[in-house]
Amino acid sequence: MSWLAVLVLILVIIMIVAAIFSITRKDLIVAVIGTSVISVILSALFYLLQAPDVALTEAAIGVALSTIIFVIAIKKTDRYEE
Amino acid sequence: MRKAVSIILLAVVGYYLFNVFLNMPFGEKREGVGKYYLENTLDETGAVNTVTAIVVSYRGFDTLGEVTVLFLAATGLGAILFDKRGKKRRHQYASLIVRVTSNMLYPMIVLLGAYVFVHGHLTPGGGFQGGSIIATGVLLMFMSYRKFEANHTALSVIESLAGLTFVTVGLGGLIYGSSFLYNYLPLGQPGDLISAGVIPIIYIAVGFKVGAELSGVLDTMLKTIR
């Protein structure tokens, strides 16, 4: 296995852990932070797989803009899942 | 019972998706339209970045459609959520450290966004990426200063002018060339900042449009909370 394959494997495992983390949390703000962790790692993966155009979009929209939209929606409703 | 059924369904779908992706050739051979683009882009459009050449030149009409979709989404959000007076925001600023840091970072983020869309035909990135980076900088200012407000008139003017530029440049292709968005300006030396004909003009217009739209969306949404 090349070092690139090992790195991609580690990043994918961290992504799966973050996804499970954000599904199981009852505190929705923490769950949203979990999804933004997924976006950070996904953007690194896009860069490693030679798609820097997509990585830039994912970093700006996935990490910053969609997270803040979720946070605004949570602020207008309930913070904790029943 | 319902959970068991959904887990079984997920497992089946996951198994077939895994097999499909496992058998997909990844970056091995280049054939068909991909090969054509990689070999002829530089001669036909003068753009060093093949992705930009495809997005703006070969598939430029699709990009016009994407920009329209984004415009419609921003308009619909504004129609539903826009409140002229806005909720009265609390006169409460973020801490001094956050304010000083965002004052220093804001110009740099906007500069990075402008760099990304001006150099769209040379380096990775382009109008959509640069515009969303600029919106990220505006978001930083919204979060550190609760009273920071976007000028909606200026945003609408920028947005309309950028859209008009895109369509006008595209229609110029019908007059001076053979098709909509035809690359009728001189191509120049590949790798120079002013090269590739109409591609930089269109991507700068798209960058302004996306930046203005996303900033307007953020301002509209932040005005609905206290």
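The values are calculated or read from the model by the stated rules, or taken from the named source; none is laboratory data. None of these values were measured; they are calculated from a predicted model. Because the Cβ atoms are built from the backbone with ideal geometry, glycine has one as well, and the counts that use them run over all protein chains shown.
Return yes or no: is A:Leu42 surrounded by 16 or more Cβ atoms within 10 Å (Cβ to Cβ), under 25 Å from B:Leu222 (Cβ atoms) and among the hydrophobic types (A, V, I, L, M, F, W, C)? The answer is no for A:Leu42.
So is A:Leu56 within 14 Å of B:Ile133 (Cα to Cα), at pLDDT 85 or above and outside any loop (DSSP other than H, G, I, E, B) or not?
yes
Within segment B:38-58, restricting attention to residues that are more than 14 Å from every other protein chain (Cβ to nearest Cβ) and surrounded by fewer than 23 Cβ atoms within 10 Å (Cβ to Cβ), the residue that is nearest to B:Gly170 (Cα to Cα) is B:Tyr58.
Listed conditions (1) more than 20 Å from B:Val210 (Cα to Cα); (2) within 11 Å of chain A (Cβ to nearest Cβ) are all met by B:Ala94, apart from (2).
In the condition set (1) at pLDDT below 80; (2) within 13 Å of another protein chain (Cβ to nearest Cβ), B:Leu181 is compliant with all but (2). Within segment B:198-226, the set of residues being aliphatic (A, V, I, L, M) and closer than 26 Å to B:Phe180 by Cβ comprises B:Val198, B:Ile199, B:Ile201, B:Ile202, B:Ile204, B:Ala205, B:Val206, B:Val210, B:Ala212. Screening B:Ile204 on (1) within 14 Å of chain A (Cβ to nearest Cβ); (2) under 17 Å from B:Val55 (Cβ atoms); (3) buried (at least 19 other Cβ atoms within 10 Å of the Cβ); (4) in contact (Cβ under 8 Å) with a residue 12 or more places away in the chain shows it passes everything except condition (1). When you check B:Gly86 against the structure, is it modelled with pLDDT under 85 and either buried (at least 18 other Cβ atoms within 10 Å of the Cβ) or not hydrophobic (A, V, I, L, M, F, W, C) (or both), yes or no? Judged against the criteria, B:Gly86 is a match.
Scanning segment A:51-79 for residues that are out of contact with any strand residue (DSSP E or B) (no Cβ under 8 Å at 6 or more places or on another chain), more than 8 Å from chain B (Cβ to nearest Cβ) and not hydrophobic (A, V, I, L, M, F, W, C) returns A:Glu58, A:Gly62, A:Ser66, A:Thr67, A:Thr77, A:Asp78.
Taking the conditions (1) under 23 Å from B:Val210 (Cβ atoms); (2) at pLDDT 90 or above in turn, A:Ile13 satisfies each one other than (1). On the stretch given as segment B:104-138, residues that are in contact (Cβ under 8 Å) with a residue 12 or more places away in the chain and either of a type in the set (S, T, N, Q) or not in a helix (DSSP H, G or I) (or both) total 10. Going residue by residue through segment B:144-152, is there one that turns out to be within 19 Å of B:Val67 (Cα to Cα), outside any helix (DSSP H, G or I) and touching a Phe, Trp or Tyr at 6+ places or on another chain (Cβ under 9 Å)? No, the conditions are met nowhere in segment B:144-152. Of all residues in segment B:118-175, those that are among the small types (Gly, Ala, Ser), within 14 Å of another protein chain (Cβ to nearest Cβ) and over 13 Å from the mean Cα position of the chain (by Cα) total 2. If we keep just the residues of segment A:1-39 that are exposed (fewer than 11 other Cβ atoms within 10 Å of the Cβ) and of a type outside the set (A, V, I, L, M, F, W, C), which is farthest from the chain's Cα centre (by Cα)? Checking each candidate, the answer is A:Ser2.
Looking only at segment B:6-37, residues that are within 14 Å of another protein chain (Cβ to nearest Cβ), assigned to a loop (DSSP other than H, G, I, E, B) and out of contact with any helix residue (DSSP H, G or I) (no Cβ under 8 Å at 6 or more places or on another chain) come to 4 in all.
Filter segment B:174-226 for residues that are part of a loop (DSSP other than H, G, I, E, B) and among the charged types (D, E, K, R); which is farthest from B:Met143 (Cα to Cα)? Selected residue: B:Asp192.
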